[in-house]
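Q: Dropping a structure here in structure tokens format, bear with me for questions.
Values in this text are rule-based calculations from the coordinates and carry no lab data. Keep in mind it's a predicted model, so treat the numbers as computed, not measured. As a convention, Cβ positions derive from the backbone with ideal geometry for all residues, glycine included, and neighbour counts pool all protein chains shown.
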Amino acid sequence: MKTSTRVWIVSILCFLLVLPLAGASAEGLRFSMAGFDGDKSSHQWETNAFFSRMEARTGIGFTFEQYTDYDKWQEAKARMFGEGPLPEVLFKAELTTPELVEYTDSGKLLDLKPLLAQNAPNLWALLQENPQWLEAITLPNGKIGALPGLNPLPPQNAMWINQKWLDKLGLAMPASAESLKAVLQAFLQGDPNQNGKRDEIPLGFLGVWDLKFLSHAFGVVVNDYNIYLDQEGQVRFWPLEDGFFEMLAYLRELQQEKLLDPNGFYLSDALRSSGEKDAPAVYGVFFGPNPLSLMGYDQARDYVLLPPLAYHGQQVYRELEGEITRGTFALTSACKDPAAMLYWVDVLYTAEGAVEAMAGTQDADYTVDADGRWNFTADLSTMGVSALNDLSVYDSGNMPWLFPLEFYNRYDQEGVVSINSQLAILKPYLRKPFPIFQFTGEQSREVLGIQNELGKMVDEGFARFVLGQRELTHESMESFRQELREHGADRMTAFWQKMATQ
């Protein structure tokens, strides 16, 4: 995989060559745009400065149909591609591979592949430099129905540990499952937050999905279908493997010793979040994209990334999201000028265009000091989050662009710099459980037909074993595995083996 530095060099060169100038040939064009801005979005596309800046640069404006409820967006897509009418542009589109295949085959979505070299030269240069990106967005039918979001350092569901607690108790960073258990025991018993109460939660998590990321401490990383591809090219259904039993036994011990969050199988992320600025820290270790997703900055700065735990001397960790986010931008058959719209979106695949999309206009919206560090001109502590909500739309939903990582890392906020430097520690250990693939509509229906029942059975069994609601013995595990086979485990394995062979 290419380094982020090389990506940025290519991006900057592309910008110097072909970044569109304001008011170029598309002057005065207006298009209809629809999309999903994310469930937690507070943006208003009609008034957001991102679209105003893009119009000033390209001469292209929009009428908007914006959604902030995922289910309603799914309903809207079905209506648009059913009885219609189709918008011209889908932005932050959340288009799945089966949708892209179906609608490019029917002609309702345009095949963008033959249009990119001429009309989106910045993106095309990136795809030529990184052929794995081009492969990832090319559909099984050979077409490109949607453009991607590109991020050299994508979000991960990492493990974060309270370094302040480690220091307070004189503990070393855990390096294996057993040393992690010892640290969690010390967190529970040692009152590291110094409030005189045993209110510490040694290991915080949200459901089975989070806990499965601990599979790395037992030598494997698995996808959401509980599948991984071994070094010999054989597909393994993890619940049928010895490591699954080993991990459940480990978690059962943590549960019995009160080292797991007692509400971990029941809480939502919103309820888990700590909203009190001065409240004492309660989490020793937790899963998440970064500490700021769970707590305020004052607490978050005490946490550092927990490097992958070693298993027989090997360290691996599941790569949650690759550098590619697919399905973010598409043009429909209703689009009156595809070339103009590709010209518009191509700005976002340049260094300058992406920086402007994130932070606005230099000097007006942000300033850069002599050391290259930047900050917003507004006092965000007094203006609140509404100032950022009106400035950009990058922080919710999935937009088409090349994330400006180098610029982002120069933000004059030590917490941001620290988090990204911590996440970079994970990069050498990240492994995909299964190679990049795209389902056809038929394949998607087949695997979901198995997963809807089998996946639920795995997760429910996982939770019951950990909670002690089902006895965990070799005999009970074999009985559980037989139940899984009866509900499609072998069919699931065969499906993925066929995918691997293809």
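Q: Taking the beta-carbon count within 10 Å as an exposure proxy, list K197, K181 from fewest neighbours to most.
A: Neighbour counts put them in this order, fewest first: K197, K181.
Q: Once Lys and Arg get +1 and Asp and Glu get -1 on their Cβ, which of L153, V89, F36 lies farthest toward the positive end of the dipole of the chain?
A: Towards the positive end, the residue furthest out is L153.
Q: Relative contact order for the chain using alpha-carbon pairs under 8 Å, separation at least 6, rounded to a whole percent?
A: Averaging sequence separation for qualifying contacts and normalising by length gives 25 percent for the chain.
Q: Would you mind ranking T350, T328, T493 so that the residue whose beta carbon has the fewest other beta carbons within 10 Å leads the list?
A: By the 10 Å Cβ count, ascending: T493, T328, T350.
Q: Would you mind working out the magnitude of the charge dipole of segment 158-318 relative to its Cα centre, with +1 at each Lys and Arg C-beta and -1 at each Asp and Glu C-beta, to the nearest 20 Debye?
A: The calculation lands at about 240 debye.
Q: Could you work out [θ]222 nm for the chain from helices alone, using -39500 (n - 2.57) per DSSP H run of at least four and dividing by all its residues? Round to the nearest 500 deg cm²/dmol.
A: Helix contribution divided over all residues of the chain: -12500 deg cm²/dmol.
Q: Which pairs break 21 Å Cα to Cα here: K72/K92; K108/K336; K40/K164; K92/K498; K92/K143?
A: K40/K164; K92/K498
Q: On to the next question. Nearest 10 degrees is fine. How inclined is helix 489-501 to the longest principal axis of the chain, computing both from alpha carbons?
A: So the helix axis and the longest Cα principal axis differ by about 50 degrees.
Q: Let me know the charge dipole size of segment 441-501 about its Cα centre in debye, to the nearest 20, where only the beta-carbon of Lys, Arg (+1) and Asp, Glu (-1) is charged.
A: Computed about the Cα centre, the dipole is about 160 debye.
Q: Please list, or write none, the aspartates and glutamates whose alpha carbon is within less than 18 Å of the alpha carbon of K258, excluding same-chain residues fewer than 8 places away.
A: Result set, ordered by chain and number: E178, D191, D199, E200, D210, E471.
Q: Calculate how many DSSP beta bridges within segment 158-318 are antiparallel, expressed in % of all such bridges and rounded to the nearest 5.
A: 75 percent
Q: On to the next question. Go through G488, A424, Q502 and say which Cα lies farthest out towards the positive end of the charge dipole of segment 388-502; charges sit on Cβ, +1 for Lys and Arg, -1 for Asp and Glu.
A: Result: Q502.
Q: List K164, K336 from most exposed to least, where exposure is judged by having the fewest other Cβ atoms within 10 Å.
A: Sorted ascending by nearby Cβ count, the order is K336, K164.
Q: Separate question: Taking the chain as the reference, fit the longest principal axis to its C-alpha atoms, fit the long axis of helix 177-189 to the helix C-alpha atoms, and give the angle between the two in degrees, 0 to 90, nearest 10.
A: 80 degrees
Q: Of the beta bridges DSSP finds with both residues in the chain, what % are antiparallel, to the nearest 5?
A: Of the beta bridges lying entirely in the chain, close to 50 percent run antiparallel.
Q: In the set [x] 158; [y] 141; [z] 181, which value of volume of the Cα convex hull per residue in Å³ was calculated from the structure you see?
A: From the options [x] 158; [y] 141; [z] 181, the structure gives [x].
Q: Now a separate question. Cα centroids of segment 354-379 and segment 85-139: how far apart, whole angstrom?
A: One Cα centre to the other: 31 Å.
Q: Taking the chain as the reference, fit the longest principal axis to its C-alpha atoms, fit the long axis of helix 4-18 to the helix C-alpha atoms, and give the angle between the two in degrees, 0 to 90, nearest 10.
A: 10 degrees
Q: What lysines could a cross-link reach from K427, if we take a straight Cα to Cα line under 20 Å and drop same-chain neighbours fewer than 8 places away?
A: K2, K212
Q: Provide the per-residue ³J(HN,Hα) series for segment 155-160, in order, calculated from phi with Karplus coefficients 6.51, -1.76, 1.60 and θ = phi - 60°, each as a whole number of Hz, with x at glycine and proline positions.
A: x, 10, 8, 7, 9, 10
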